[in-house]
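What follows draws every value from the coordinates through simple rules; no lab data is involved. Owing to the predicted nature of the structure, the values given are computational and were not obtained by experimental measurement. Ideal geometry is used to build each Cβ from the backbone, glycine not excepted, and the neighbour counts take in all protein chains shown.
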Amino acid sequence: MSNKLFSPFSARGLDLANRMVMAPMTRNRADGNVPNDLMAEYYGQRAGAGLIVTEGTSPSPNGLGYPRIPGSFNQAQADGWKKVTSAVHAKGGKIFQQMMHTGRIGHQANLPAGAKIVAPSAVAAAGQIYTDSQGMQAHPVPHALSTEEVKSTVQEYVTAAKFAMAAGFDGVELHAANGYLIEQFIHPHSNRRTDEYGGSIENRLRFLVEVASAVAAAIGKDKVGVRLSPYGVFNDLPPYSEVEETYTLAAKKLQEVGILYIHIVDHSSMGAPAVSDSVKASIRKEFQGIVILSGGYDVARANADIDAGKGDLIAFGKQFLSNPDLVVRLEKGKALNAFDMGTFYTPGPKGYIDYPVAG
Ligand SMILES: Cc1cc2nc3c(=O)[nH]c(=O)nc-3n(C[C@H](O)[C@H](O)[C@H](O)COP(=O)(O)O)c2cc1C
């Protein structure tokens, strides 16, 4: 077996020191939804990754469903992100912003004044969500976007992507996974629309394709990735029968748009349903760009999947969270720090910037 994981990677203007990606992880340290010095330190510590994908960042006030998640829709947020991208670039790393509109996953108490919880259809997600001011709250019935509002939401992504590029990002990743707004359009349970954004698979993919096309037109095809989670059930999306057809067509359409990469989520190691080899192979076949694989990886499995041609880059989540120097540790076979779930989403530096590097 080769050891390609630690070798440089280059494609379409993206030059990476290694094939390890830091997976996007929401950490809720952006007080007031504005990135800050603490976040710059956190990401700077992890700049050894070939590529960092940031935590989910909202392109709209309506998409700030969780407390203290960052946005990318005003100048203060762009100025905050500039600190982060500068810290990463100063150490030779590359960084994409994950664009995450939470859609129906959220609560009014987490949103700024004037914003509202929106979704393709007025179907509430089961379960509750944490708010800083009112504790746990049931997910509300979201406002179903009108056709015109869907189109203006597409434009919010365009504006946010421009802010991201002005803040120095190397590109953006559209979060079309894990039950947030774009997957809410893809999935027939959360999308009950009767206009051109609902019904057939093609219609349910339309929002994704329009966002990807519009953002690519604004900032360049080589600057856009998409994260997908076939078979995902997170955030109250039940299994359905057309998953293979849906994601095969999604890959085909994203190939037509010409984006840089598809990032496939596989949370089966965390107890989620298996993601079939066939759907991953179909995406690889239809899409000629870069494929990033993620979910429960170690070095051996990462190298094996790269060697087998299943993907080009491998994302690591929780191990990066607790090991700022993960690349060095894995390459040298050093022991890893354990992660502390109790501080995944809590404010402040604890469990965030205080994980030690290996001696
Ligand atoms: C604390 C935490 C926050 C996460 N936040 C996001 C997120 O904002 N966007 C996203 O696409 N995935 C998110 N994920 C999922 C990870 O990107 C990744 O897919 C998952 O942790 C599995 O990879 P791992 O086994 O290497 O940790 C999060 C995971 C964790 C542990």
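Taking other residues whose beta carbon is less than 15 angstrom from the beta carbon of residue 215, and scoring Lys, Arg as +1 and Asp, Glu as -1, yields +1.
Our summary gives the range 112-203 a relative contact order of 27 percent, counting only alpha carbon pairs under 8 angstrom and 6 or more residues apart.
For the range 280-289, putting each phi into the Karplus relation 6.51 cos²θ - 1.76 cosθ + 1.60 with θ = phi - 60° gives couplings of 5, 5, 5, 4, 4, 6, 7, 10, 8, x Hz, in residue order, rounded to whole numbers and with x for Gly and Pro.
Shape summary of the range 10-162, radius of gyration then Dmax from alpha carbon positions: 16.4, 47 Å.
Distance between the C-alpha centres of the range 32-49 and the range 122-170: 22 Å, rounded to the whole angstrom. Computed extension gain for residue 288 through residue 134, at 0.36 nm per residue and net of the alpha carbon distance, reaches 50.8 nm. Figure legend: label point modelled 7 angstrom from the Cα of residue 300 along Cα→Cβ; residues of the range 1-28 with amide N under 14 Å from it are 1-2.
Look at the dipole of the chain built from charges on Cβ: of 25, 336, 73, the Cα furthest out on the positive end belongs to 336. Treating r as the C-beta distance of residue 276 and residue 357 and R0 as 35 Å, the FRET efficiency rounds to 0.35.
Once you reduce the range 186-262 and the range 331-346 to the center of their Cα atoms, the two points are 32 Å from each other. Anyone know which of 97, 77, 128 comes out most mobile in the 10 Å Cα GNM of the chain? It is 128.
Taking the convex hull of the alpha carbon positions in the range 106-153 and averaging its projected area over all directions gives 3.5 nm².
Dividing the summed helix terms, -39500 (n - 2.57) for each DSSP H run of n ≥ 4, by the number of residues in the chain produces a 222 nm estimate of -10000 deg cm²/dmol to the nearest 500. For the residue pairs 223/252; 162/280; 4/82; 151/221; 4/221; 223/332, the C-alpha atoms sit more than 22 angstrom apart in 162/280; 4/82; 4/221; 223/332.
Scanning residues 5 or more positions from residue 131 or on other chains, those with amide H under 5 Å from its amide H are 136, 137, with H placed 1.01 Å from N in the peptide plane.
Across the range 75-81, computed HN-Hα scalar couplings (Karplus, 6.51 cos²θ - 1.76 cosθ + 1.60, θ = phi - 60°) run 5, 4, 5, 4, 5, x, 5 Hz from first to last residue, x flagging Gly and Pro. For the chain, the pair-distance distribution built from all alpha carbon pairs, in bins 10 Å wide starting at 0, is 6, 26, 37, 25, 6, 0 percent. Each label was represented as a point 7 Å from its Cα along the Cα-to-Cβ direction; for residue 328 and residue 126 these points are 4.7 nm apart. With K and R counted +1 and D and E -1, the other residues having a Cβ less than 11 Å from that of residue 29 yield a net charge of -1.
For the range 258-267, putting each phi into the Karplus relation 6.51 cos²θ - 1.76 cosθ + 1.60 with θ = phi - 60° gives couplings of x, 5, 6, 8, 10, 10, 9, 7, 9, 9 Hz, in residue order, rounded to whole numbers and with x for Gly and Pro.
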